[in-house]
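Single-structure report; data block below.
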Amino acid sequence: MTAKLERPDVRAHVLRAALLAIDEVGPDRLRVRDIAERAGMSSGHVMYYFGKRDRILVSTLLLSEDELAERLTAELAGAAGPAEAVARLVELYLPGGPRDVRWRLWAQVIARPPRDEETLARIAGFTESWARELAAIVVRGIAEGVFRPVDDPVGFATRMCRIMDSLASDVLLGLPGRGPGWARDQAMGAIRRELLP
């Protein structure tokens, strides 16, 4: 007999099924039925926990960002120094290709943003956390003499994140010659031009 999942566990189970479904059919063509099939539930049961499809997409994005934040922490802890930490952050920030599930979710959420303040605050928290992480690496690199001083590390980091957002758009669109390697090279070039002595 299968153990009954508690409510938070059911929600997490549905979101994992949503990630699978999004990877397979894409967020734009995603139906609640696609998620329900992968979760082994009825569509009505899925809707009971989330209310509407857009809420599932936003919740799946938030789960994805939570998991990536944990991975980023581990990656940065293992970096040999500030230069390697920047490279690891850039690698994780940018999409792995046009079908990158996390970035495709971002595109859907940007196209149909949530309206509740709590969700918007969480989304803002994720975007700000990347800039804070990059700024902290920059400050450390300046202190260690690896990077040259910048007037406003947070402003610099925020600007670099916005540049990476733009590069990510080209990757997601699948523009010729603008794949993940190109995006990484462009991002690292922009960062190095301002930071390296």
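A few notes on this one:
- Counted residues, the stretch 147-166 - those being under 20 Å from Arg184 (Cα atoms), touching a helix residue (DSSP H, G or I) at 6+ places or on another chain (Cβ under 6 Å) and open to solvent by 20 Å² or more (accessible area, probe 1.4 Å): 2
- Residue in the stretch 32-52 that is of a type outside the set (Asp, Glu), surrounded by 18 or more Cβ atoms within 10 Å (Cβ to Cβ), modelled with pLDDT of 90 or more and closer than 23 Å to Arg184 by Cα present: no
- Just one of the listed residues (Ala74, Ala87, Ala80) is open to solvent by 20 Å² or more (accessible area, probe 1.4 Å), at pLDDT 90 or above and under 22 Å from Ile163 (Cα atoms), and it is Ala87.
- Test: residue in the stretch 165-175 that is of a type outside the set (A, V, I, L, M) and assigned to a loop (DSSP other than H, G, I, E, B): yes
- So Leu63, is it touching a Phe, Trp or Tyr at 6+ places or on another chain (Cβ under 9 Å), surrounded by 15 or more Cβ atoms within 10 Å (Cβ to Cβ) and not β-branched (Val, Ile, Thr): no
- Pairs, first in contact (Cβ under 8 Å) with a residue 24 or more places away in the chain and closer than 18 Å to Arg11 by Cβ in the stretch 22-47, second hydroxyl-bearing (Ser, Thr, Tyr) and crowded, with 18+ Cβ neighbours inside 10 Å, C-beta under 8 Å, six or more apart: Ile22/Thr60
- The residues listed here are Ala83, Ala79; of these, the one that is part of a loop (DSSP other than H, G, I, E, B) and under 21 Å from Ile142 (Cβ atoms) is Ala79.
- Selection count, the stretch 16-29, where residues are surrounded by 20 or more Cβ atoms within 10 Å (Cβ to Cβ) and either in a loop (DSSP other than H, G, I, E, B) or among the charged types (D, E, K, R) (or both): 1
- Qualifying residue in the stretch 120-127 (condition: modelled with pLDDT of 95 or more and hydroxyl-bearing (Ser, Thr, Tyr)): no
- Residue in the stretch 126-135 that is out of contact with any Phe, Trp or Tyr (no Cβ under 8 Å at 6 or more places or on another chain) and within 24 Å of Val14 (Cα to Cα) present: yes
- Count of the stretch 98-141 residues which are open to solvent by less than 50 Å² (accessible area, probe 1.4 Å), in contact with a helix residue (DSSP H, G or I) (Cβ under 6 Å, 6 or more places away or on another chain) and more than 19 Å from Lys52 (Cα to Cα): 11
The values are calculated or read from the model by the stated rules, or taken from the named source; none is laboratory data. Remember, it's a predicted structure, so these values are computed and weren't measured experimentally. Neighbour counts run over all protein chains shown; Cβ positions are idealised from the backbone, glycine included. Just the protein is used for accessible areas: all its heavy atoms, side chains included, with ligands, DNA and RNA removed. Shrake-Rupley method; radii C 1.70, N 1.55, O 1.52, S 1.80 Å.
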